[in-house]
Amino acid sequence: MNRHHLLTLPKAFITKRFVAVVVLLSFLSLFILSSMASAAPAVPGAPELDAKAAVLMDAESGQILYQLNADVAAPPASMSKMMTEYLVSKAVKEGKITWDQTVSVGENAASQVGSRIFLAEGDKHTIKELYIAMAVGSANDATTQLAVTVGGSEEEFAKMMNETAAELGMTKSHFINSTGLDRADMPEKFRPSSIDGETVMSAKDSAILAYHILKEEPEFLETAKIQKYKFRERDEKPIDNWNWMLGSNKDNPNLKKFAYEGVDGLKTGHTSKAGNCFTGTALRNGTRLIAVVMGVPGGTNDGKRFLETAKLFDYGFNNFEKKTVIQAKAVVPGHETLKVKKGKSTKLPVVTATDITVLIPKGTTVEPAIQEVKSTQDPLVAPIKLGDKVGTVTYKYKDPSTQEDKAISIDLIASEDVNKASWWRLMFRAIGNFFSGLFQGIVDLF
């Protein structure tokens with residue numbers, strides 16, 4: 001339709017057409033704005049990361065503060081060495097090996113590629129020396145030798161890794177070796193025949209693993225924060241720690257722009273398939289956080305993975321605060337007592353053994369509701385002493401940072417003694433209960 005024809009149309013038709021166009025444009029605008037809003041972070045101030053996956057976790061409670069594709073299994077590269085570190089440290093605590101034990105380097109370790117300290121077959125080193133080389137320099141050869149020493153072979157050690165992952169609740173993890181190398185990069189002779197696939201781990205699983213290391217093996221941080229380590233006296237240069245975020249790097253002119261106050265661990269990772277990965281931890285003002293980034297683009301020497309991790313730490317430390325939502329030694333409303341038999345009293349007053357403290361976005365609140373109260377025995381049996389654990393209470397609440405439904409259980413303890421009743425008291429109580437039940441039965445007849 002040309003302009004001449006348009007001018008000859010009735011005015012009412014033109015007006016209706018104009019209104020229709022305006023309405024259509026309005027709907028399109030609302031759709032675009034809605035799409036932009038849904039793509040934005042759920043919590044104000046949440047960072048936008050240049051990474052394929054990420055997680056921010058409270059190291060005290062395991063609470064997730066931020067997540068991006070957190071459950072997607074992907075190559076973790078050398079971050080999988082955290083599991084090797086965990087199992088080696090556990091083997092020392094169980095007395096299976098000792099830190100000062102000397103081991104002879106085998107063919108598998110001497111054949112490794114990638115990051116390594118160039119171990120030769122027959123070299124002798126202590127478990128501690130190899131452990132530091134693994135933790136600080138991410139040495140594949142040292143890692144493999146530790147795995148062989150603990151598991152008998154690297155393949156058997158990888159089975160231990162998978163079993164432990166299942167025990168820790170790492171549901172998106174699978175290990176084929178101790179190093180995180182792709183199958184094709186392993187020495188062909190030592191590629192696993194009974195374990196399929198490639199090593200993968202999700203960002204959440206990496207955070208879960210770090211959580212357990214910090215809870216169960218906190219002394220590992222003393223190794224993880226070593227800046228430099230001279231493996232052999234004859235070595236011209238020491239091993240440099242790949243973790244450029246270490247707070248101690250603030251005085252290093254080459255790394256100070258990556259240094260982050262409070263960072264003292266944990267593990268970097270890089271392969272062509274995994275991209276740049278990092279699991280870090282930082283402690284500030286009594287709060288320790290765990291941050292994981294995976295698949296950060298760029299080279300290994302541009303440090304971008306550390307800048308992305310800094311965004312997570314900034315978000316956690318600047319936007320969250322600790323709040324105690326359930327006090328220790330508090331009465332549980334509606335469940336002030338639990339039933340007791342054979343005691344002077346038939347009811348036992350109980351209170352919470354510990355508090356429940358959560359990290360929540362500043363300005364928000366959490367209102368936990370009682371989900372379940374369970375007694376260790378139903379009923380409890382006297383005697384019971386003040387402070388004895390007698391049950392648990394489970395609270396549920398909606399996490400304001402992730403909008404996920406959460407449940408947390410804490411112990412219930414006796415708030416007073418309940419001594420065992422004498423046989424005389426128990427007899428009269430039984431007689432009373434008998435007649436009470438008999439009377440109730442007669443009432444029920446009518």
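The values are calculated or read from the model by the stated rules, or taken from the named source; none is laboratory data. In this text the structure is predicted, and so the values were computed from the model without any measurement. Every residue, glycine among them, receives a Cβ derived from its backbone with ideal geometry; neighbour counts consider all protein chains shown. Quick note on the areas: whole protein, heavy atoms, side chains included, nothing else; ligands and nucleic acids left out. Shrake-Rupley method; radii C 1.70, N 1.55, O 1.52, S 1.80 Å.
Taking the residues in region 71-85 that are small (Gly, Ala, Ser) and buried (at least 24 other Cβ atoms within 10 Å of the Cβ) as candidates, determine which candidate is nearest to residue 158 (Cα to Cα). Write out each step before concluding.
Applying the first criterion (small (Gly, Ala, Ser)) to region 71-85 yields 73-74, 77-78, 80.
Among the residues that remain, those that are also buried (at least 24 other Cβ atoms within 10 Å of the Cβ) are: 77-78, 80.
Values: 77: 15, 78: 14, 80: 11 Å.
Top of the filtered list is 80.
Which of the following residues is of a type in the set (Val, Ile, Thr) and in a loop (DSSP other than H, G, I, E, B): 103, 113, 88?
When all the criteria are applied, what remains is 113.
Restricting to region 344-368, name every residue that is assigned to a strand (DSSP E or B), over 20 Å from residue 410 (Cβ atoms) and touching a residue at least 24 places away in the same chain (Cβ under 8 Å). Once the filter is applied, which keeps residues that are assigned to a strand (DSSP E or B), over 20 Å from residue 410 (Cβ atoms) and touching a residue at least 24 places away in the same chain (Cβ under 8 Å), region 344-368 yields only 361.
Suppose we keep only residues that are within 15 Å of residue 78 (Cβ to Cβ) and charged (D, E, K, R) within region 270-319. Which one would you say is most open to solvent (accessible area, probe 1.4 Å)? Top of the filtered list is 273. In this structure, residue 132 does not satisfy being β-branched (Val, Ile, Thr), assigned to a loop (DSSP other than H, G, I, E, B), touching a residue at least 60 places away in the same chain (Cβ under 8 Å) and farther than 27 Å from residue 193 by Cβ. Screening residue 64 on (1) open to solvent by less than 20 Å² (accessible area, probe 1.4 Å); (2) at pLDDT 95 or above; (3) under 14 Å from residue 208 (Cα atoms) shows it passes everything except condition (2).
Scanning region 165-214 for residues that are of a type outside the set (Lys, Arg), out of contact with any His (no Cβ under 8 Å at 6 or more places or on another chain), open to solvent by 10 Å² or more (accessible area, probe 1.4 Å) and not in a loop (DSSP other than H, G, I, E, B) turns up 166, 167, 174, 184, 185, 188, 190, 208, 211, 212, 214.
Restricting the search to region 230-257, which residues are open to solvent by 20 Å² or more (accessible area, probe 1.4 Å) and either within 21 Å of residue 56 (Cβ to Cβ) or of a type in the set (Phe, Trp, Tyr) (or both)? If the condition is that a residue be open to solvent by 20 Å² or more (accessible area, probe 1.4 Å) and either within 21 Å of residue 56 (Cβ to Cβ) or of a type in the set (Phe, Trp, Tyr) (or both), then 242, 244 are the ones that fit. None of 367, 416 is out of contact with any strand residue (DSSP E or B) (no Cβ under 6 Å at 6 or more places or on another chain) and among the acidic types (Asp, Glu) except 367.
Residue-by-condition table, conditions (1) open to solvent by less than 10 Å² (accessible area, probe 1.4 Å); (2) within 18 Å of residue 96 (Cα to Cα); (3) small (Gly, Ala, Ser); (4) touching a Cys at 6+ places or on another chain (Cβ under 8 Å):
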residue: 126; (1), (2), (3), (4): no, yes, no, no
residue: 129; (1), (2), (3), (4): no, yes, no, no
residue: 139; (1), (2), (3), (4): yes, no, yes, no
residue: 143; (1), (2), (3), (4): yes, yes, no, no
residue: 158; (1), (2), (3), (4): yes, yes, yes, no
residue: 161; (1), (2), (3), (4): yes, yes, no, no
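Contact annotation: residue pairs with Cβ atoms under 6 Å, 6 or more positions apart or on different chains, pairing a residue in region 101-127 that is farther than 18 Å from residue 186 by Cβ with a partner that is outside any strand (DSSP E or B) and acidic (Asp, Glu), are 126/100.
Going through (1) surrounded by 15 or more Cβ atoms within 10 Å (Cβ to Cβ); (2) hydroxyl-bearing (Ser, Thr, Tyr); (3) under 30 Å from residue 198 (Cβ atoms) one by one, residue 260 falls short only on (3).
Only one of the numbered conditions (1) part of a helix (DSSP H, G or I); (2) touching a strand residue (DSSP E or B) at 6+ places or on another chain (Cβ under 9 Å); (3) open to solvent by less than 20 Å² (accessible area, probe 1.4 Å); (4) among the hydrophobic types (A, V, I, L, M, F, W, C) is violated by residue 148, and that is (3). The set of residues from region 158-196 being more than 14 Å from residue 144 (Cβ to Cβ) and touching a Phe, Trp or Tyr at 6+ places or on another chain (Cβ under 6 Å) comprises just one member, 162. Which members of region 127-141 meet the condition of being closer than 21 Å to residue 227 by Cβ and in contact with a strand residue (DSSP E or B) (Cβ under 8 Å, 6 or more places away or on another chain)? Selection gives 130, 132, 133, 135, 136, 137, 138, 139. Any idea which of (1) touching a helix residue (DSSP H, G or I) at 6+ places or on another chain (Cβ under 6 Å); (2) of a type outside the set (Gly, Ala, Ser); (3) over 15 Å from residue 223 (Cα atoms) is the one residue 273 doesn't satisfy? Here residue 273 meets the rest and fails (1). Looking at region 421-437, is at least one residue on the phi < 0 side of the Ramachandran plot, modelled with pLDDT of 85 or more, in contact with a Lys or Arg (Cβ under 8 Å, 6 or more places away or on another chain) and not in a strand (DSSP E or B)? There is no residue in region 421-437 that is on the phi < 0 side of the Ramachandran plot, modelled with pLDDT of 85 or more, in contact with a Lys or Arg (Cβ under 8 Å, 6 or more places away or on another chain) and not in a strand (DSSP E or B).
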